[in-house]
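Below is one structure. I have some questions about it.
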Amino acid sequence: MTNGRGMVWNRPWEPVETAAVVPRSEAPSAPVEEAIGGALESNDAGSFVVVSHDHPLPRGLSHAWPGDADRRALATLSGDPELEDFELERALFIDTETTGLAGGTGTYAFLVGCGWLEDGALRVEQYFMRDHADEPAMMAHLGRLISRFDWTVSFNGKSFDLPLLRTRFIMNRTRTALDALGALDLLHVARRLWRYQLPRRDLGTLEREILGVERELDVPSHEIPDIYFRYLRTGDPRELVPVVAHNRVDMTSMAALLVRACDACGGWRSPAAQPAEVLGAARSFDLAGDMDTALAAYARALELGLDEALQPLAQAPLSLAHKRRGAWPRALDLWEEMRGLDGRAAIWALVELAKHHEHRAGAFDTARECTVEALAQAGRVLDGLPQPLARPALEHRLARLERRLGASRSRRTGN
């Protein structure tokens, strides 16, 4: 099989059923670099295609960003304290389009998008390999580019893009500083911040729901490998045009999402804040060990009007904090509110009320009532309950309370 430049080679990484070749006379005469708006780049290892664009920086993004508050937000939302040293000027945005999603040595990154701040704009360069023979040159160039930076910014890069690139560097025997760079993965940020607001946190959903961006004529990600394979078979580059555009929009969306996430983490006190987003920020503060800020954010999420299904996620940690601090009236108020709900949250609150009335107030009758109510709730829960809330534990608690009530009556009657 020819690669369009007079070379013949086999592609063990291409499925057998895609081996049919359309005669070159039927393929468009325009070279791929012209079709996708790029130019050939050469080095000692060969040549590949580079597509370059400058984009205006998203609102809030500049060489002066991030400030200390934004660095703390990034560390909190990502769960990585090293991000308190993050410098945007030293960061490289990375996104890949690949021949498959399985990873491993048989998966190739045929298009690698890279972006960085340059002259007040987001400079985006996309490196495309016309076929397998271009990979050594492309990886050599990418390795030199990576050495200029201290950080990577990606979306699911820690799990997919970066390990894949490491494999490709190894397969091409190319040195890289990739392992020495700090990594900011915006998927981890999105999962923490918007987990209660969005059922899906893929980049396309975040663009629509968080950034208010709707892509036009976009190519679905799952179709991209087949598009590349068709290009390899036919030499027709026209279907690659939307693939390159898709990758470029991924880069600009990551930059916008970076600022939006930090704004949300720092703006949870705002009257315009979304309750579910504030809950995500509160949970992030909680996981980062910043309990004072977390508790204030949990309370703020409730003030803003959380959906009933989400309320226990703020009420429970708030009530436990009040319990630890001995603020019993505030804890009891929250447990009584949760008692009015159904399911696991109500059972948990009833158990907390039962413990308080049994061990602190000595009100065994009230503790028994709470336990009986919890048992009734547990009988209506179809999914599994954790052991302290399951029927055996509740029945054990009820039996103990019955014994204590009996002993208390005996003492009162003098028997």
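The values are calculated or read from the model by the stated rules, or taken from the named source; none is laboratory data. Nothing here was measured: the structure is a model prediction, and the numbers come from that model. Because the Cβ atoms are built from the backbone with ideal geometry, glycine has one as well, and the counts that use them run over all protein chains shown.
When you go through (1) under 14 Å from residue 178 (Cβ atoms); (2) of a type in the set (A, V, I, L, M); (3) buried (at least 19 other Cβ atoms within 10 Å of the Cβ) one by one for residue 117, which number turns out not to apply?
(1)
If a residue counts only when it is touching a residue at least 40 places away in the same chain (Cβ under 8 Å), which helices (runs of 4 or more DSSP H) contained entirely in the range 322-411 have at least 3 such residues?
So the answer is 344-359.
Among the residues of the range 135-161 satisfying the criterion of being in contact (Cβ under 8 Å) with a residue 60 or more places away in the chain and in a loop (DSSP other than H, G, I, E, B), which is farthest from residue 190 (Cα to Cα)?
Within the range 135-161, the match that is farthest from residue 190 (Cα to Cα) is 150.
Quick one: is residue 259 touching a residue at least 60 places away in the same chain (Cβ under 8 Å), β-branched (Val, Ile, Thr) and either buried (at least 18 other Cβ atoms within 10 Å of the Cβ) or not in a helix (DSSP H, G or I) (or both)? Lay out the reasoning, then the answer.
Values: touching a residue at least 60 places away in the same chain (Cβ under 8 Å): yes; β-branched (Val, Ile, Thr): yes; either buried (at least 18 other Cβ atoms within 10 Å of the Cβ) or not in a helix (DSSP H, G or I) (or both): yes.
Judged against the criteria, residue 259 is a match.
Write out, first by first residue and then by second, each pair whose Cβ atoms fall under 6 Å of each other, whose residues are 6+ apart or on separate chains, and whose first residue, in the range 49-76, is within 30 Å of residue 139 (Cα to Cα) and assigned by TED's automatic domain parsing to the domain that holds residue 127 while the second is basic (Lys, Arg) and surrounded by 15 or more Cβ atoms within 10 Å (Cβ to Cβ).
54/123
Consider only pairs whose beta carbons are under 9 Å apart and that are at least six residues apart or on different chains; among these, list those whose first residue lies in the range 105-121 and is closer than 22 Å to residue 66 by Cβ and whose second residue is part of a loop (DSSP other than H, G, I, E, B) and at pLDDT 95 or above.
Every condition considered, the pairs that remain are 116/148; 116/149.
Does residue 205 meet the test of being in a loop (DSSP other than H, G, I, E, B) and either without any contact (Cβ under 8 Å) to a residue 60 or more places away in the chain or of a type in the set (Val, Ile, Thr) (or both)?
No, not satisfied.
Only residues that are closer than 14 Å to residue 69 by Cβ and in contact with a helix residue (DSSP H, G or I) (Cβ under 8 Å, 6 or more places away or on another chain): list them for the range 260-275, please.
If the condition is that a residue be closer than 14 Å to residue 69 by Cβ and in contact with a helix residue (DSSP H, G or I) (Cβ under 8 Å, 6 or more places away or on another chain), then 261, 262, 264, 265, 266, 268, 269 are the ones that fit.
Further question on the same structure: May I ask you to list the residues in the range 120-134 that are among the aliphatic types (A, V, I, L, M), touching a strand residue (DSSP E or B) at 6+ places or on another chain (Cβ under 6 Å) and assigned to a helix (DSSP H, G or I)?
Once the filter is applied, which keeps residues that are among the aliphatic types (A, V, I, L, M), touching a strand residue (DSSP E or B) at 6+ places or on another chain (Cβ under 6 Å) and assigned to a helix (DSSP H, G or I), the range 120-134 yields nothing.
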